[in-house]
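Okay, so here's the structure we're looking at.
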Amino acid sequence: VQLQAFGGGLVQAGGSLRLSCAASGRAFSNYVMGWFRQAPGKEREFVAAISRSGVTTRYSDSVKGRLTISRDNAKNTLYLQMNSLKPEDTAVYFCAGRTYYSGNWYVEKEYDYWGQGTQVTVSS
């Protein structure tokens, strides 16, 4: 599956953005999907993940309650609604897909497919 993330931009602290990740190729609904981010000088970190059906979600503690992951399998699209943004949310955001439901959704090496990333910058 090919993934393309978009929707990033510059926003003031407290503002909102919605990221999208368009999938093409193999059936999008076959994959557990996730969002990761990488800030300058830091390692890539887990943000959120969602099951194939969208029923089950997981979040990092730093974004819980502010960011919401969702998916529309009919549109082959993954979303990340970002509210109450903080300067520390500034990073390149990547969408990723994994074939297997079992395992650790928080670990990037367990994801098989990656999008190219979209920049999110939150000004103070």
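In this structure, THR68 does satisfy being over 14 Å from GLN4 (Cβ atoms) and open to solvent by 60 Å² or more (accessible area, probe 1.4 Å). Taking region 43-63, which residues are under 13 Å from GLU108 (Cβ atoms) and either exposed (fewer than 11 other Cβ atoms within 10 Å of the Cβ) or among the β-branched types (Val, Ile, Thr) (or both)? The answer is GLU43, VAL47. Every test in (1) surrounded by fewer than 14 Cβ atoms within 10 Å (Cβ to Cβ); (2) closer than 20 Å to GLY7 by Cα; (3) in contact with a helix residue (DSSP H, G or I) (Cβ under 6 Å, 6 or more places away or on another chain); (4) not aliphatic (A, V, I, L, M) is passed by SER84 save one, and that test is (3).
Being part of a loop (DSSP other than H, G, I, E, B) and either of a type in the set (Lys, Arg) or more than 12 Å from VAL63 (Cα to Cα) (or both) is the filter here; which residues of region 77-89 pass it?
Once the filter is applied, which keeps residues that are part of a loop (DSSP other than H, G, I, E, B) and either of a type in the set (Lys, Arg) or more than 12 Å from VAL63 (Cα to Cα) (or both), region 77-89 yields only LYS86.
Can we say VAL32 is open to solvent by less than 30 Å² (accessible area, probe 1.4 Å), of a type in the set (Val, Ile, Thr) and closer than 16 Å to TYR101 by Cβ? The answer is yes for VAL32. Here region 20-29 is the region considered, the condition is being surrounded by fewer than 24 Cβ atoms within 10 Å (Cβ to Cβ) and either of a type in the set (A, V, I, L, M) or over 11 Å from ASN76 (Cα atoms) (or both), and the residue that is nearest to the chain's Cα centre (by Cα) is ALA22.
Within region 26-76, the set of residues being part of a loop (DSSP other than H, G, I, E, B), touching a Ser or Thr at 6+ places or on another chain (Cβ under 7 Å) and hydrophobic (A, V, I, L, M, F, W, C) comprises just one member, ALA39.
The values are calculated or read from the model by the stated rules, or taken from the named source; none is laboratory data. Here the structure is a predicted model, which means the values were calculated and not measured. With ideal geometry, Cβ positions are generated from the backbone for all residues, glycine too; neighbour counts draw on all protein chains shown. Keep in mind that these areas ignore ligands, DNA and RNA; they rest on the heavy atoms of the full protein, side chains included. Shrake-Rupley method; radii C 1.70, N 1.55, O 1.52, S 1.80 Å.
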